[in-house]
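Scroll down for the structure; my scribbles are underneath it.
The values are calculated or read from the model by the stated rules, or taken from the named source; none is laboratory data. Just so it is clear, the model here is predicted, and its values are computed rather than measured. Using ideal geometry, Cβ is built from the backbone for each residue, glycine included, and neighbour counts are taken over all protein chains shown. Protein only, heavy atoms only, side chains kept; ligands, DNA and RNA dropped before computing areas. Shrake-Rupley method; radii C 1.70, N 1.55, O 1.52, S 1.80 Å.
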Amino acid sequence: MVNVKNKWALITGASRGLGRLAAEYMANAGCNVILHSRSLEHTKELAERLKEQGVEVYCVEAQLERLEQVEKMLADIDAMGMCVDIVLNNAGLQVAYRTDYYETPASDYDTSFKINTIAPMMICYHFMPKMIEKGFGRIVNTTSGIALEPQQAGYSASKAALDKITMDLGSTVEGTDVMINLVDPGWCRTDLGGNQAPNSPESAIPGVVLGAFLEDKKSGRIIRAQEYAGMTMEEAIQVGIK
């Protein structure tokens, strides 16, 4: 199991929901964290609380649909001078549920792909070469188990594209200590999942961060977070990826 103490993790969408839980988990394990949200104000309180645990915390902001803001965020992180060891691409958006799905506007796809596919891959492309040069890195991209629902076509298509790119990139680092994988948190009661979801956000822990701790040098897989609900990280590592 990877010892993440004193490493640096970038967590997108860290102001609430699963991103916030992931940030708390990583900080509890001694990992320094860079918290991303749409506005610095959204992570201010969390940052102060995590600093009390003795880790270093920085906050960055970007609206992920504004790709120029993603580029600026990456430049800001570079200017901080630390080496990002772990990326948890948690942030995502479900634009709408289109009951009359034949009327789905093209903008659903445009917005979904910018936030759920293009922005996370910009982040991957930025940090992965640095990880390869250093000989260590972990990237976990958040996918979705939604299938056969044309009502959510923009969202599910953007996640399918993210899956494909992640798996293709994974093939280039297979067998090395740079690992890039996917995690499906399951349907959780978050702002994205809604109040009717069957799973609590806490049930996705430790699954949503498991990819940061694995050491088997395998990439391109989908980790089903709900399979590890209630486990310790040590137990989840022993169970492995099915």
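Please give the helix 17-28 orientation as an angle from the longest Cα principal axis of the chain, in degrees from 0 to 90, rounded to the nearest 10.
10 degrees
To the nearest 20 Debye, how big is the dipole of segment 50-143 about its Cα centre, given +1 on the beta carbon of each Lys and Arg and -1 on that of each Asp and Glu? The partial results should precede the final answer.
On the way: 8 positive and 14 negative charges, 57 e Å.
I would put it at about 280 debye.
Compute, for the chain, the length of the dipole vector about the Cα centre, with Cβ point charges of +1 (Lys, Arg) and -1 (Asp, Glu) only. Units Debye, rounded to 20.
Details: 23 positive and 31 negative charges, 49 e Å.
Charge dipole of the chain: 240 debye, to the nearest 20.
Residue farthest toward the positive end of the dipole of the chain, with Cβ of Lys/Arg at +1 and Asp/Glu at -1: which of THR111, TRP187, THR176?
Farthest along the dipole direction, towards plus: THR176.
Which of the lysines could a cross-linker bridge to LYS134, judged by Cα under 21 Å and excluding same-chain residues fewer than eight apart?
The qualifying lysines are LYS5, LYS7, LYS217, LYS218.
Given a 1.4 Å probe and the protein chains all in place, what does the accessible area of LEU210 round to, in Å² to the nearest 10?
Around 0 Å² of this residue is reachable by solvent.
For the chain, what % of the accessible area comes from carbon and sulfur atoms, probe 1.4 Å?
Carbon and sulfur together cover 50 percent of it.
Convert 37 °C to kelvin, take the viscosity as 0.692 mPa s, use the Kirkwood radius over C-alpha pairs of segment 1-110 as Rh, and evaluate the Stokes-Einstein diffusion coefficient in µm²/s, rounded to a whole number.
Numbers: Rh = 14.9 Å.
Diffusion coefficient, whole number: 220 µm²/s.
What does segment 125-210 give for Rg and for Dmax, in Å, if only its C-alpha atoms count?
Computed over the Cα atoms of segment 125-210, radius of gyration and Dmax are 15.0, 45 Å.
Using only the alpha-carbon atoms, what does the chain span along each of its principal axes? Please give whole angstrom values in decreasing order.
Principal extents (largest minus smallest coordinate, Cα): 50, 38, 35 Å.
Round to a whole angstrom and tell me the spacing of the C-alpha centers of segment 133-211 and segment 68-89.
20 Å
Express in Å², to the nearest 10, the accessible area of THR172 obtained by rolling a 1.4 Å probe over the protein heavy atoms while all chains stay in place.
Counting only protein heavy atoms, the figure is 100 Å².
Full-extension gain between SER107 and LYS164, please, as 0.36 nm times their residue separation minus the C-alpha to C-alpha distance. Present the calculation step by step, with values, prior to reporting the outcome.
Details: separation 57, 0.36 × 57 = 20.52 nm, distance 2.18 nm.
Computed gain between SER107 and LYS164 is 18.3 nm.
Please list, ordered by chain and number, the residues whose modelled amide H lies under 5 Å from the amide H of ARG224; skip anything fewer than 5 residues away on the same chain.
HN-HN under 5 Å from ARG224: ASP184.
Can you tell me the accessible area per residue over the chain, all protein chains present, probe 1.4 angstrom, in square angstrom?
Working: 11130 Å² over 242 residues.
Value for the chain: 46 Å² per residue.
Rounded to the nearest 500, what is the 222 nm mean residue ellipticity of the chain from helices alone, with -39500 (n - 2.57) per DSSP H run of 4+ residues and division by all residues? Please report the intermediate quantities before stating the final value.
Values: 7 runs with 86 residues, N = 242.
Estimated from H runs of four or more residues: -11000 deg cm²/dmol.
Arrange the peptides 90-103, 126-139 so that the one whose residues have, on average, the most other Cβ atoms within 10 Å appears first. It would help to have the intermediate numbers written out before the result.
On the way: 90-103: 15.8, 126-139: 18.0.
Ranking the peptides 90-103, 126-139 by packing returns 126-139, 90-103.
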